[in-house]
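One structure is given here, and the rest of the page talks about it.
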Amino acid sequence: MRIDKAEVIVTSPDRNFVTLRLTTDEGHVGLGDATLNGRELAVVAYLKEHVVPLLLGRDPAAIEDTWQYLYRGAYWRRGPVTMAAIAAVDMALWDIKGKAAGMPVYQLLGGASRRGLLAYGHASGKTTDELFDSVRSHLEQGYRAIRIQTGVPGLKAIYGIASQGADAGDADVRYDHEPARRGALPMEEDWDTRAYLRHLPGVFEAVRNEFGPELPLLHDGHHRMTPIQAAKLGKDLEPYDLFWLEDCTPAENQEALRLVRQHTTTPLAIGEIFNTVWDFKDIIREQLIDYVRGAVTHMGGITPLKKTLDYAAMYQIKSGMHGPTDISPVGMAAAMHLGLAIHNFGIQEYMQHGTRTNEVFQQSFTWADGMLHPGDEPGLGVTLDVDEAGKYPYAQAYLPYNRLHDGTMHDW
Ligand code: EZ4
Ligand code: CO
């Protein structure tokens, strides 16, 4: 078998998605997600100019060799653009291998280790009442684990949540902002860490009082704290028994986690912006985290993320794969197949794509009783309707950015 055609398809049904579509001489089609939120076209150029010419004529069965060829062969390694491009190739090759074998990808990865994947959704509200409504609506949708993000008195934005209302389509689906409204410039939010630290423990106390002790609750700190602030928050949240506290400090300085760990038993999750196993190596070996947040799309594909998670398993560290709506249905399917197969699955983030996205990408996964399952179609179980995709041209859009009251740029 050989790769005959490699197309890069950009579509923006509810937000921008980049998809690599490989076709073999035997007519098998493989899809890979190459979406990098806010920097989508950089990956398009990387694929079109530098990867597609290398793929044509190659044997699609040689997944590991092709991965090493693209990673080592480029000489320049790592980084989000490179790794999203390699991830798309890796996913598309697994998709093709599954179709050629007549098996879903999770079977090729060792078979199912569980019936389905516990998934968490994103509840948020400016006030406690709004937050409770959002939690209730998630419970009604069947979620059995919920991330809690809240407004902070004195601040305009609820950070780290998708936009809502008319621009969001049918669900809370966008992590970027409507370019027509924003003039193609990113939206600015405001921040005050001390106000946040004063407010958050009371929010979790209220949520526990209202919804009881059993519901798994998560929280995302979005890299906004210093090490000592993160240590204090972890300690303050201990009575509310969090499933995890995510990205408590900026991921670049991994030594910070030693300090956080010395002070709190709140479980820690890190890694949605990591690209390779090297980013995880030390914090896994030193047992500074409890959950690996890598996304199949941003970690270079199923192949390297499986290796990373197998390594994490030796330290009883589990998966918590990134799964916001900026991961396309193809990347989500890859995460579900991998999560079903590995032994050390923890939880899967799941926000639900909008109707338009689900019309562009037809998907075989199921969502019932708070659990995801990738389905049993051969390959990843996703098809791309190219005509439908063509209705939604790329629209420039960025993630918001963030400033302190005095104007200083801060982590978003
Ligand atoms: O803000 O994916 O845990 N989830 C997150 C995400 C990120 C977006 C950035 O594109 O932090 O919602
Ligand atoms: Co996050």
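The values are calculated or read from the model by the stated rules, or taken from the named source; none is laboratory data. All values derive from a computational prediction rather than experimental measurement. Here the Cβ positions follow ideal geometry from the backbone for every residue, glycine too, while neighbour counts run over all protein chains shown.
Please determine whether any residue of segment 236-245 is modelled with pLDDT of 95 or more, in a loop (DSSP other than H, G, I, E, B) and hydroxyl-bearing (Ser, Thr, Tyr). Scanning segment 236-245 turns up no residue that is modelled with pLDDT of 95 or more, in a loop (DSSP other than H, G, I, E, B) and hydroxyl-bearing (Ser, Thr, Tyr). Return the only residue of ASP282, ASP247, ASP220 being away from ligand 2 (no atom under 16 Å from the Cβ), closer than 20 Å to GLY294 by Cβ and assigned by TED's automatic domain parsing to the domain that holds VAL152. Just a single option satisfies the conditions, and that option is ASP282. Among residues of segment 250-273 that are over 10 Å from ILE289 (Cα atoms), those with a beta-carbon under 8 Å from a residue that is modelled with pLDDT under 95 and not acidic (Asp, Glu) at least six positions away or on a different chain give the pairs ILE273/ALA251. Among the candidates GLY57, GLY73, GLY98, the residue that is at positive phi and not assigned by TED's automatic domain parsing to the domain that holds ILE146 is uniquely GLY57. Scanning segment 223-244 for residues that are in contact with a strand residue (DSSP E or B) (Cβ under 9 Å, 6 or more places away or on another chain), away from ligand 2 (no atom under 11 Å from the Cβ) and hydrophobic (A, V, I, L, M, F, W, C) yields ALA230, LEU233, LEU237, LEU242, PHE243. Restricting attention to segment 286-327, the residues being at pLDDT below 95 and out of contact with any strand residue (DSSP E or B) (no Cβ under 8 Å at 6 or more places or on another chain) number 1. Hey, LYS307 hits all of (1) in the same structural domain as GLY160 (by TED's automatic domain parsing); (2) over 13 Å from ALA119 (Cβ atoms); (3) within 14 Å of ligand 1 (Cβ to nearest atom) but one; which does it fall short on? (3) is the only condition that LYS307 fails.
I'd like to check something: does segment 150-159 contain any residue that is outside the structural domain of LEU242 (by TED's automatic domain parsing) and hydrophobic (A, V, I, L, M, F, W, C)? Among the residues of segment 150-159, not one is outside the structural domain of LEU242 (by TED's automatic domain parsing) and hydrophobic (A, V, I, L, M, F, W, C), which makes the answer no.
Please go through segment 311-329 and pick out each residue that is farther than 20 Å from PRO216 by Cα, within 16 Å of ligand 1 (Cβ to nearest atom) and either among the aromatic types (Phe, Trp, Tyr) or not in a loop (DSSP other than H, G, I, E, B) (or both). PRO329 - this is the single residue of segment 311-329 that is farther than 20 Å from PRO216 by Cα, within 16 Å of ligand 1 (Cβ to nearest atom) and either among the aromatic types (Phe, Trp, Tyr) or not in a loop (DSSP other than H, G, I, E, B) (or both). The residue pairs whose first member lies in segment 71-92 and is under 19 Å from ASP59 (Cβ atoms) and without any contact (Cβ under 8 Å) to a residue 60 or more places away in the chain, whose second member is among the charged types (D, E, K, R) and outside any helix (DSSP H, G or I), and whose beta carbons are closer than 9 Å, counting only pairs six or more residues apart or on different chains, do not exist in this structure.
Can you pull out every residue in segment 143-183 that is part of a loop (DSSP other than H, G, I, E, B), aliphatic (A, V, I, L, M) and modelled with pLDDT under 70? Once the filter is applied, which keeps residues that are part of a loop (DSSP other than H, G, I, E, B), aliphatic (A, V, I, L, M) and modelled with pLDDT under 70, segment 143-183 yields ALA171, VAL173.
Residue under question is LEU372, and the condition is that it be within 24 Å of VAL43 (Cα to Cα), touching a residue at least 60 places away in the same chain (Cβ under 8 Å) and not small (Gly, Ala, Ser); does it hold? Spelling it out, it is not the case that LEU372 is within 24 Å of VAL43 (Cα to Cα), touching a residue at least 60 places away in the same chain (Cβ under 8 Å) and not small (Gly, Ala, Ser).
So is ALA256 under 25 Å from the mean Cα position of the chain (by Cα), surrounded by 19 or more Cβ atoms within 10 Å (Cβ to Cβ), within 16 Å of ligand 1 (Cβ to nearest atom) and at pLDDT 95 or above or not? It is false that ALA256 is under 25 Å from the mean Cα position of the chain (by Cα), surrounded by 19 or more Cβ atoms within 10 Å (Cβ to Cβ), within 16 Å of ligand 1 (Cβ to nearest atom) and at pLDDT 95 or above. Count of segment 305-331 residues, restricted to those that are within 22 Å of PHE17 (Cα to Cα) and more than 16 Å from ligand 2 (Cβ to nearest atom), is 4. Report whether or not GLY294 is small (Gly, Ala, Ser) and more than 16 Å from ligand 2 (Cβ to nearest atom). No; evaluated as a whole, the condition is false for this residue. Test LYS126 against the criterion of being more than 16 Å from ligand 1 (Cβ to nearest atom) and at pLDDT 95 or above, and give yes or no. No.
Within segment 197-224, the set of residues being in a loop (DSSP other than H, G, I, E, B) and of a type in the set (Lys, Arg) comprises ARG224 only. Applying the criterion of being of a type in the set (S, T, N, Q) and assigned to a loop (DSSP other than H, G, I, E, B) to the residues of segment 382-412, the residue that is surrounded by the most Cβ atoms within 10 Å (Cβ to Cβ) is GLN396.
Considering only segment 36-49, I want to know if a residue exists there that is within 16 Å of THR357 (Cα to Cα) and buried (at least 23 other Cβ atoms within 10 Å of the Cβ). No, segment 36-49 has no match at all. Per the conditions (1) surrounded by 19 or more Cβ atoms within 10 Å (Cβ to Cβ); (2) part of a loop (DSSP other than H, G, I, E, B); (3) more than 14 Å from the chain's Cα centre (by Cα), the sole criterion not satisfied by LEU340 is (2).
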